[in-house]
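Data first, discussion second: the structure below is written as structure tokens.
Where a number appears in this text, it was derived from the coordinates with a stated rule and is not lab data. Everything quoted here is computed from the prediction, not taken from an experiment. We place every Cβ from the backbone using ideal geometry, glycine too, and count neighbours over all the protein chains shown.
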Amino acid sequence: MQLQVMNSPFNQEQAELLNRLLPTLSETQTLWLSGYLAALQSSSLQAAPAVAVEEVPAAASGKAISKEVTILFGSQTGNAQSLAKKAGKTLEERGFKATVSAMSDFKPKDLKKVNNLLIVVSTHGEGDPPDNALTFHEFVHGRRAPKLEDLRFSVLALGDSSYEFFCQTGKDFDKKLEELGGSRITPRVDCDLDFEEPAAKWMEAVLDGLSVSEGQNVSHSEVTAASVSAPVESIYSRTNPFRAEVLENINLNGRGSNKETRHLELSLEGSGLTYKPGDSLGVYPENDPELVDLLLQEMNWDPEEAVKVKDEIVTLKDALRSHYEITVLTKPLVEKAAKLSEKEELQLLASDRDRLKSYMEGRDLIDLVRDYKPWNGSAQEFVSILRKMPARLYSISSSYEANPDEVHLTIGAVRYDSNGRERKGVCSILCAERLQSGDTLPVFIQNNENFKLPENPDTPIIMVGPGTGVAPFRSFMQEREENGAEGKSWMFFGDQHFVTDFLYQTEWQKWLNKGVLSKMDVAFSRDSEEKVYVQHRMQENSKELYQWLDEGAAVYICGDEKNMAHDVHNTLIDIIEKEGSMSREQAAAYLSDMQKNKRYQRDVY
């Protein structure tokens, strides 16, 4: 409804202001405003120049709600932590008292004292909590968890819909807190890799829910979006990436290697972006042009047809190349695609969890369109069901202190055969086959507070990073050399062959000779009849390794989670059990305590 000047008591300017404001108000805000205007007729409010939060009456229920909000995050790569901190800042700006904490730093027994709780948590691996959420997750789901009838909560869950257990940790917390007696401030929101918009909407709903209890009139839509998503220092961020020029792009592997590992050096000059060892670089890649052409041919689409991507009009070819993911199948995608297919078999597949999981493994969008054509709908309808191209996160392999205005990456090229076709990693093969010096990549910095050097530079460190897991430890060594750190350092590195796959070999030797690196053990699995991995080298040095732990050394692991990180974790428990003369349970508790004290950190994928 639009106010007309002729039939209202408002002048033209006032009517225009109201017509702009009223459509933006939520139902809660409209009701509150109506009540406030009615109350304004009384003499007690007539002279009030403004509404202070403390002066506003409580909710209609009459129950006083605390203005204190506790925000707990569980984060592996830093996304959940960043969102939690920005949510805390938003709440502070709106008059609440917000406490933001990692789950690992929160005392579980204090949960009973919390009235308003926000959970921001990612899901790691196959439905597992992130490392810094393990203890709290176990407590909440254990027998010691208290009844929480006075708790009001909401969960923001981060995940990746290409995994079977999408946002599982967030779902776990949401379900359990309700079972313990808590009531929701607003329903849980599950975010895929493109999380900025749903996170902003969740924060808006949280503010609405808290405001109803407080009786506040909070106009927050724009504030929320800015607070949850906006960068703090640089103007460049995940939603506004910087075009970084490629300075170097070289293959680190020797001739004859089974692998191709690219070393990229990118310029950050003029971006205002900085980083610390342990942080990651987000890269937005483009799909292989050959793959895009193949998809266009399969669907018999005109490459130059105009389609809408958010508020932008681009050609269909550009949309498939730069904006959408076409190399991964997810359950939501197949379910949406089934509505555009005439094949009943696809409907049945989409509803059969086990068959769908088996089908999606190793297949992409081209497989789907080939297997279940013909398709209904326009090109616009079809691309609208696709997931936005997600950024790829890579552990930074340089120190900003040692390389101002530069960032280095170590990327393994991914190639394999599946279902009769050669498959290629989207970003890794872009870097390996198409990216030249002088080209640019859209990038942003992903801070990771869960993988950081000790604050005390004298603390000994033990690093375990086979293959491209070596990346952050190159950053660690550059930083320690630059700052003159005195603490001992020990590197465990592994790959296939010494001659062709010893990544950054001359640099490690230089650091050894200068004393920046105290000790290095290597394992090249294909150079002997019996395969030798980094965990075997750790076992061979178990006595000395335990001595380092006993002296307070911090342990860092980077690389493959399913195999390497799991094996190294168990090896550490073996060593602690043997050399510390402990039971298995005591050794596991020892390592768990190290993790709580940030002496055991992992960057695994």
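Distant-in-sequence amide contacts of residue 446, defined by a placed amide H-H separation under 5 Å and a gap of 5 or more residues or a different chain, comprise 280, 281, 282.
To the nearest 500 deg cm²/dmol, what mean residue ellipticity at 222 nm is calculated for the chain from DSSP H runs of n ≥ 4 alone, each contributing -39,500 (n - 2.57), summed and divided by the residues?
On the way: 22 runs with 209 residues, N = 605.
Rounded to the nearest 500, it is -10000 deg cm²/dmol.
In the chain, the longest principal axis of the Cα atoms and the axis of helix 289-299 are about 60 degrees apart.
Can you pull out the GluC sites (Glu not before Pro) in region 418-480 that DSSP calls coil and that have at most 12 other Cβ atoms within 10 Å? Could the numbers behind the result be given before it?
Details: sites: 422, 433, 449, 455, 479; in loops: 449, 455.
Listed in order of number, the matching sites are 455.
The distance between label points at residue 439 and residue 401 comes to 3.4 nm (points 7 Å beyond Cα on the Cα→Cβ vector).
Around residue 601, under 12 Å between beta carbons, what's the net of Lys plus Arg minus Asp minus Glu among the other residues?
Net local charge, residue 601 excluded: +2.
A simple count of charges around residue 499, restricted to other residues whose Cβ falls under 14 Å of its Cβ and scoring Lys, Arg +1 and Asp, Glu -1, yields 0. Counting only trypsin sites (Lys or Arg not before Pro) that DSSP places in a loop and that have at most 15 other Cβ atoms within 10 Å, the longest clean stretch of the chain runs over 344-525. Against the chain, whose longest principal axis is taken from its Cα atoms, helix 168-179 shows a tilt of about 50°.
For residue 416, the shell of other residues with beta-carbons less than 11 Å away shows a net charge of +2, using +1 for Lys and Arg and -1 for Asp and Glu. Taken one residue at a time, the phi angles of region 516-527 give Karplus couplings (6.51, -1.76, 1.60, θ = phi - 60°) of 5, 9, 7, 7, 9, 10, 10, 9, 10, 5, 9, 8 Hz. Gly and Pro are set to x. Placing pseudo-labels 7 Å out from each Cα toward the beta carbon at residue 449 and residue 373 gives an inter-label distance of 5.1 nm. Cross-link partners for residue 107 among the lysines, with Cα-Cα distance under 17 Å and sequence neighbours closer than 8 places in the same chain left out: 147, 596, 598. Gain on full extension, evaluated as 0.36 nm per residue between residue 165 and residue 526 minus their Cα-Cα distance, stands at 126.5 nm.
Amide H contacts of residue 523 (H built 1.01 Å from N, in plane; Pro and chain starts excluded): 493, 494, 495 sit under 5 Å, all sequence-distant by 5 or more or on other chains.
The structure shown yields volume of the Cα convex hull per residue in Å³, and of the options (i) 234; (ii) 218; (iii) 208 that calculated value carries the label (iii).
Mind pulling the angle between the C-alpha long axis of helix 471-483 and the longest principal axis of the chain? Nearest 10 degrees, somewhere in 0 to 90. Approximately 90 degrees, to the nearest ten. What shape does region 142-214 have by the C-alpha gyration tensor, where a ≥ b ≥ c are the square roots of the eigenvalues, rounded means a/c under 1.5, and otherwise prolate means a/b greater than b/c and oblate the rest? It is oblate, given that a/c is not under 1.5 and a/b is not larger than b/c.
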